[in-house]
Amino acid sequence: MTSEQKTFTGIGIATVVLLIGGYFLATRQDQQLDKSLIGKEIQVQANHVPVGTEIDYNSNPPAGGEHYGDSTTHAGIYNKAPEDGYLVHSLEHGAVILWYKSDLPKQNIEKLKQIFNSVSGKKIMTLRKGLDVPIALSSWGRVLKLETIDEKQIKTFFETNMNKGPEQAPI
């Protein structure tokens, strides 16, 4: 086989590999887009308000609405809850928030941390005083409330609802 034939054969094989890889990547992305969002739908608007503005949300925990426009809450685990105005801005950017009731037993919090750390992406975990259930998740326009730790539902919410906010920007 000549050098020229080897070059053309290599280019042909590389092209086939790229086409097949592109097809599988596109198919996977289409499957992700086809997944229906889970959780109760909450009607929200995306209005920025000045820091310190008192905001009333139509769900507990919030799933969107008015929020501070100058900054977001960064991804991570928070032992002290950030202000809702910053958390909601993170939701607008496509984050998912895992909330837990402030009196949740320590072993349950540790289990939630394990689940939280097993998923990737724009995610926040924080306690919430006044939460009416032990555990809740929110994304832009969606809330899922749980009475017990349901690892499968929690992971599905993260995987399905992440990056679905009206603004695709970092948190």
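The values are calculated or read from the model by the stated rules, or taken from the named source; none is laboratory data. Computed from a prediction, not measured in an experiment: that's the story for all the values here. Note that we place each Cβ from the backbone using ideal geometry, even for glycine, and neighbour counts take in every protein chain shown.
Of the numbered criteria (1) at pLDDT 95 or above; (2) surrounded by 15 or more Cβ atoms within 10 Å (Cβ to Cβ), the one GLY165 fails is (1).
Residue selection: ILE149 satisfies the criterion of being over 19 Å from ILE55 (Cα atoms) and hydrophobic (A, V, I, L, M, F, W, C). The single condition among (1) within 15 Å of LEU37 (Cβ to Cβ); (2) in contact with a Ser or Thr (Cβ under 7 Å, 6 or more places away or on another chain); (3) surrounded by fewer than 17 Cβ atoms within 10 Å (Cβ to Cβ) that LYS129 does not meet is (1).
For every residue, the table says whether it meets (1) farther than 17 Å from ALA169 by Cα; (2) crowded, with 18+ Cβ neighbours inside 10 Å; (3) touching a residue at least 24 places away in the same chain (Cβ under 8 Å); (4) not assigned by TED's automatic domain parsing to the domain that holds GLY130.
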residue: ASN47; (1), (2), (3), (4): no, no, no, no
residue: PRO50; (1), (2), (3), (4): yes, no, no, no
residue: GLU54; (1), (2), (3), (4): yes, no, no, no
residue: LEU87; (1), (2), (3), (4): no, yes, yes, no
residue: TYR100; (1), (2), (3), (4): yes, yes, yes, no
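Scanning region 78-96 for residues that are hydrophobic (A, V, I, L, M, F, W, C) and out of contact with any Phe, Trp or Tyr (no Cβ under 7 Å at 6 or more places or on another chain), we see that the one that is nearest to SER120 (Cα to Cα) is ALA95. Taking region 40-85 as the range and being at negative phi and outside any loop (DSSP other than H, G, I, E, B) as the test, the residues that pass are LYS40, GLU41, HIS48, VAL49, HIS67, TYR68, ILE77, TYR78, ASP84, GLY85.
Only one of PRO105, PRO134, PRO82 is in contact with a Lys or Arg (Cβ under 7 Å, 6 or more places away or on another chain) and not hydrophobic (A, V, I, L, M, F, W, C); which? Let's see the steps before the verdict.
Working: PRO105 fails: in contact with a Lys or Arg (Cβ under 7 Å, 6 or more places away or on another chain); PRO82 fails: in contact with a Lys or Arg (Cβ under 7 Å, 6 or more places away or on another chain).
Every option except PRO134 fails the conditions.
Apart from one condition, SER59 fits all of (1) surrounded by fewer than 18 Cβ atoms within 10 Å (Cβ to Cβ); (2) under 19 Å from ILE42 (Cβ atoms); (3) small (Gly, Ala, Ser); the exception is (1). When we screen ILE149, ILE115, ILE124 for residues that are without any contact (Cβ under 8 Å) to a residue 60 or more places away in the chain and either assigned to a strand (DSSP E or B) or of a type in the set (S, T, N, Q) (or both), the only hit is ILE124.
Residues considered: SER120, SER138. Of these, the only one that is of a type in the set (S, T, N, Q) and buried (at least 17 other Cβ atoms within 10 Å of the Cβ) is SER138.
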